[in-house]
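Reading through the structure tokens given below for one structure.
The values are calculated or read from the model by the stated rules, or taken from the named source; none is laboratory data. Because the structure is a prediction, the values reported are computed rather than measured. No Cβ is skipped: glycine too gets one built from the backbone with ideal geometry, and neighbour counts run over all protein chains shown.
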Amino acid sequence: MTETILRADAMLTPHGAIAGAELAFDETGRITYAGAARPDSVVTHDLAGHVLMPGLVNGHTHSAMTLLRGVSDDEGFMPWLAAVQALEQHLTHDDVATGLQLAMVEMIETGTVAFADMYHWDESLIELVRAAGMRAMVALASFAPEAVGFPGVSPWNGSDATAQTEALAERYSGDPQIRVAYGPHAPYTCPPEFLRDIAVRAARRGIPIHTHISESAAEVEQIVERYGATPGEHLASLGLFEADVLAAHCVHLTSGEIERFAREGVAVSHNPVSNLKLGCGIAPLPDWQAAGLRVSLGTDSVASNNTLDLFEEIKTATILHRGARQDAAIVRASDVLDIATRSGAEAIGFPESGALEAGGLADVIALDVRGSSATPLDLASDPGVLTSHLGFAATGADVRHVFIGGRHVYSEGEHLTLDAAAIRARAAEARARLSAASRHPD
């Protein structure tokens with residue numbers, strides 16, 4: 001059996017940090033050993049001055065929207081949404097492909113190995129993900145049976161997106177890198193009959209649903225006014241939670257909705273930076289944890305963030321709730337690191353990723369700890385400080401190596417599966433064209 005063996009100063013495992021660590025995986029991308037360095041191992045990657053941890057999992061984003069980075073940055077949620085949707089009407093299929101590839105460049109170089117995405121998806125776009133080596137839960141965004149979401153990208157309306165979701169789910173069934181989901185946008189954009197139909201289909205076919213719920217107070221007010229129920233109650237009445245649901249944001253859930261989501265097994269995605277930037281509020285992560293909710297950590301799109309660096313989300317999610325609740329012990333860095341790895345991987349359909357232990361998938365990243373922000377860091381005498389460093393000091397810029405399923409996709413600043421320079425150039429050209437189109441719509 002051929003093994004790849006990494007040796008590093010320390011490693012984060014489900015059982016805590018290990019100093020003088022070694023990780024081995026076989027040609028199938030499965031971890032065969034995770035523990036203290038073995039004296040007789042033939043090391044293939046000597047990563048002195050580095051630490052190992054599970055690859056990060058982005059629990060909610062819209063990858064193609066990297067082309068809209070910086071749009072309407074100082075607007076509230078509804079004006080921002082209108083500005084973004086106006087630009088989206090000028091997107092082409094090539095733009096979506098370029099935006100997706102730019103997102104993967106940024107995600108990989110900041111340590112993300114898997115992501116849950118809602119946008120336009122088809123086989124050609126999914127194949128870009130597979131070629132890059134990443135894992136993704138892809139949800140085809142839809143709004144209503146006759147509504148065409150992205151007219152410059154595809155003629156598909158909501159009914160078409162539903163049918164294509166089912167076809168793609170069958171096409172990629174069992175693929176180790178891809179999960180396919182329905183993507184009804186939100187209860188304030190999708191009519192009840194459309195949501196009910198998707199709920200029935202999802203429960204019958206075992207296809208998950210990725211949607212937005214209670215992102216803003218305005219959304220909650222709209223749903224209560226229209227249907228006499230909160231968003232969670234409204235969706236429950238339509239049978240949505242009889243399927244496997246990944247719910248993004250959930251900033252304004254009531255205590256009753258939190259209890260229902262925990263009871264029904266709904267997974268939620270915490271997007272603290274996006275929620276803060278758009279002035280949507282602070283999702284009650286401590287209450288979710290107390291209720292036993294399945295939780296992932298997401299960036300949302302860069303149009304509302306403006307980066308895909310999950311280390312920024314990890315630190316923000318940890319300190320945000322401490323300040324809001326005036327309790328420094330209410331959310332621990334170790335909790336959020338788990339949400340960004342093991343818990344997030346389970347939430348988006350990759351339960352064998354997210355933990356460095358024998359038998360799991362070799363989705364692993366190596367961070368440089370020789371810089372000023374990592375000094376002093378005495379891992380040899382106190383391996384536990386690794387959690388503190390990763391939670392409060394590390395950034396995506398520290399990532400030096402990324403392996404996904406044992407495949408080396410990023411090494412010392414070089415992408416091994418993507419032409420980053422060409423992708424950035426295409427993205428800049430596409431953004432210039434979109435900006436010109438928005439100024440001169442005729």
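Among the listed residues 345, 374, identify the single one that is in contact with a Pro (Cβ under 8 Å, 6 or more places away or on another chain) and over 12 Å from residue 53 (Cα atoms).
345
Determine, yes or no, whether residue 60 is at pLDDT below 95 and either surrounded by fewer than 20 Cβ atoms within 10 Å (Cβ to Cβ) or not basic (Lys, Arg) (or both).
no
Evaluate the range 227-242: report whether one residue or more is modelled with pLDDT of 95 or more, surrounded by fewer than 24 Cβ atoms within 10 Å (Cβ to Cβ) and within 18 Å of residue 348 (Cβ to Cβ).
yes
Given the criteria assigned by TED's automatic domain parsing to the domain that holds residue 208, β-branched (Val, Ile, Thr) and more than 23 Å from residue 326 (Cβ to Cβ), does residue 230 qualify?
Criteria met by residue 230.
Before we move on, is residue 29 in contact with a Gly (Cβ under 6 Å, 6 or more places away or on another chain) and modelled with pLDDT under 95?
no
Condition check ((1) without any contact (Cβ under 8 Å) to a residue 12 or more places away in the chain; (2) closer than 30 Å to residue 341 by Cβ; (3) part of a strand (DSSP E or B); (4) not assigned by TED's automatic domain parsing to the domain that holds residue 81) across all residues:
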| position | (1), (2), (3), (4) |
| --- | --- |
| 117 | no, yes, yes, no |
| 129 | no, yes, no, no |
| 151 | no, no, no, no |
| 168 | no, yes, no, no |
| 188 | no, no, no, no |
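Please enumerate the residues belonging to the range 398-432 that are surrounded by 14 or more Cβ atoms within 10 Å (Cβ to Cβ) and in a helix (DSSP H, G or I).
Answer for the range 398-432, where residues must be surrounded by 14 or more Cβ atoms within 10 Å (Cβ to Cβ) and in a helix (DSSP H, G or I): 398, 420, 423, 424, 426, 427, 430, 431.
Which condition breaks for residue 174 when tested against (1) surrounded by 16 or more Cβ atoms within 10 Å (Cβ to Cβ); (2) in a loop (DSSP other than H, G, I, E, B)?
So the condition that residue 174 fails would be (1).
Looking at (1) farther than 19 Å from residue 198 by Cα; (2) at pLDDT 95 or above; (3) not in a strand (DSSP E or B), find the lone condition where residue 164 falls short.
(1)
Could you list, in sequence order, all residues of the range 130-153 that are over 14 Å from the mean Cα position of the chain (by Cα) and crowded, with 19+ Cβ neighbours inside 10 Å?
Scanning the range 130-153 gives 132, 133, 140, 141, 142, 143, 149, 150, 153.
Report whether or not residue 205 is in contact (Cβ under 8 Å) with a residue 12 or more places away in the chain, farther than 30 Å from residue 133 by Cα and more than 20 Å from the chain's Cα centre (by Cα).
The answer is no for residue 205.
If you check residue 48 against the conditions, is it surrounded by fewer than 18 Cβ atoms within 10 Å (Cβ to Cβ) and either closer than 29 Å to residue 298 by Cβ or among the aliphatic types (A, V, I, L, M) (or both)?
So residue 48 passes the test.
Can you name every residue in the range 92-149 that is among the charged types (D, E, K, R) and out of contact with any Phe, Trp or Tyr (no Cβ under 8 Å at 6 or more places or on another chain)?
Passing the criteria: 94, 95, 106, 117, 122, 123, 127, 130, 146.
Restricting attention to the range 210-240, and to residues there that are in contact (Cβ under 8 Å) with a residue 40 or more places away in the chain and among the hydrophobic types (A, V, I, L, M, F, W, C), which single residue is nearest to residue 167 (Cα to Cα)?
Only one residue tops the list, namely 240.
Would you be able to tell me the number of residues in the range 255-296 that are aliphatic (A, V, I, L, M), surrounded by fewer than 21 Cβ atoms within 10 Å (Cβ to Cβ) and either assigned to a helix (DSSP H, G or I) or over 20 Å from the mean Cα position of the chain (by Cα) (or both)?
Of the residues in the range 255-296, 4 are aliphatic (A, V, I, L, M), surrounded by fewer than 21 Cβ atoms within 10 Å (Cβ to Cβ) and either assigned to a helix (DSSP H, G or I) or over 20 Å from the mean Cα position of the chain (by Cα) (or both).
Taking the criterion of being touching a helix residue (DSSP H, G or I) at 6+ places or on another chain (Cβ under 7 Å), β-branched (Val, Ile, Thr), under 27 Å from residue 367 (Cβ atoms) and buried (at least 24 other Cβ atoms within 10 Å of the Cβ), would at least one residue in the range 318-332 satisfy it?
no
Taking the stated definitions as given, is residue 171 basic (Lys, Arg) and under 17 Å from the mean Cα position of the chain (by Cα)?
Judged against the criteria, residue 171 is not a match.
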